[in-house]
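What follows is one structure encoded as structure tokens, with my remarks underneath.
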Amino acid sequence: MARNADEHLARGFPATRNSALAAIRAGAPEERRRALSALAGAYWRPVYGYLRLHWRKPHDEAADLTQDFFAHALEKDLLARFDPARARLRTFLRACIDRVAAEDGRAARRLKRGGGAASAVFDFEAARAAIEHGAGAAEAPDVLFEREWARGMFGAALERLRELCAREGKSQHFALLEQYDLGPDRPSYADLAQKLGIATTDVTNRLAWARRKLREVLLDLLRECTGSESELREEARALLGLDGP
């Protein structure tokens with residue numbers, strides 16, 4: 001039942017939330033800039049993908065509009081108008097993107113890619129490859145944005161996990177996750193152990209650690225990018241499939 005899923009999910013939550021939204025709305029200028037960078041790091045992929053697939057923007061234009069959108073969000077206090085009691089953040093952002101894309105022909109200002117108020121690094125070439133290889137039939141805008149949101153959140157979480165593993169001397173843990181869970185083929189634990197010169201039990205333990213850390217990183221990312229505890233739980237269920245019994 002959903003209640004059991006909520007209880008299971010809640011055990012992984014700390015007592016306090018590190019919300020980028022709160023910092024953007026109430027923090028000092030430098031704190032707001034850092035918070036928007038965190039938010040942009042989570043949402044730039046779905047924004048870019050939505051502009052490419054729904055609005056049919058070419059790569060360069062979609063990349064420029066994505067940068068422009070997050071700079072505008074800080075400069076114009078866009079997120080001050082977000083009310084978590086009325087909509088999810090991604091629903092609000094999609095409505096804002098629709099307005100930006102519809103008015104693009106009348107926009108007089110363009111930001112250079114890599115500049116602007118948001119200092120997050122956007123790997124547009126990698127996103128371009130994923131979009132152009134995975135583009136399919138037309139989907140409803142909300143379905144499309146949700147799919148791109150899920151892909152973007154997992155992409156951002158994987159990048160954070162990669163950095164965490166590098167800092168902690170656990171790059172092999174991440175490599176195992178990539179090869180076993182993320183690659184086109186799934187080798188056996190025995191094959192991985194032989195390839196890396198470790199015991200099969202080490203493969204089991206390191207994969208379990210990497211999967212657990214990935215879930216924690218995903219929840220941390222969602223915690224930063226949601227406006228309330230209820231939205232956090234809803235988004236975690238949507239992303240991690242915890243709506244079961």
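For segment 139-215, give me every one of the helices (runs of 4 or more DSSP H) that falls completely inside it and has 1 or more residues that are aromatic (Phe, Trp, Tyr), open to solvent by 60 Å² or more (accessible area, probe 1.4 Å) and within 27 Å of Trp55 (Cα to Cα).
The helices (runs of 4 or more DSSP H) meeting that bar are 141-167.
Sort out which residues of segment 53-66 are open to solvent by 10 Å² or more (accessible area, probe 1.4 Å) and either assigned to a helix (DSSP H, G or I) or hydrophobic (A, V, I, L, M, F, W, C) (or both), and write them in order of number.
Leu53, Trp55, His59, Asp60, Glu61, Asp64
Being modelled with pLDDT under 80, loosely packed, with under 14 Cβ neighbours inside 10 Å and under 21 Å from Asp142 (Cα atoms) is the filter here; which residues of segment 96-111 pass it?
Scanning segment 96-111 gives a single hit, Glu103.
If you scan segment 67-95, which residues turn out to be aliphatic (A, V, I, L, M), open to solvent by 20 Å² or more (accessible area, probe 1.4 Å) and in contact with a Phe, Trp or Tyr (Cβ under 7 Å, 6 or more places away or on another chain)?
Scanning segment 67-95 gives no hits.
List every residue pair whose Cβ atoms sit under 7 Å apart, with the two residues 6 or more apart in sequence or on different chains, where the first one lies in segment 221-236 and is within 17 Å of Ala23 (Cα to Cα) and the second, anywhere, is β-branched (Val, Ile, Thr).
Correct list of pairs: Leu232/Thr226.
Checking Arg233 against (1) outside any helix (DSSP H, G or I); (2) within 30 Å of Arg81 (Cβ to Cβ); (3) charged (D, E, K, R), which test does it fail?
Going through (1) outside any helix (DSSP H, G or I); (2) within 30 Å of Arg81 (Cβ to Cβ); (3) charged (D, E, K, R) one by one, Arg233 breaks only (1).
The values are calculated or read from the model by the stated rules, or taken from the named source; none is laboratory data. Note that the structure is a prediction, hence the values are computed from the model and not measured. So basically every Cβ, Gly included, is an ideal-geometry build from the backbone, and we count neighbours across all protein chains shown. For accessibility, only protein heavy atoms count, side chains too; no ligands or nucleic acids. Shrake-Rupley method; radii C 1.70, N 1.55, O 1.52, S 1.80 Å.
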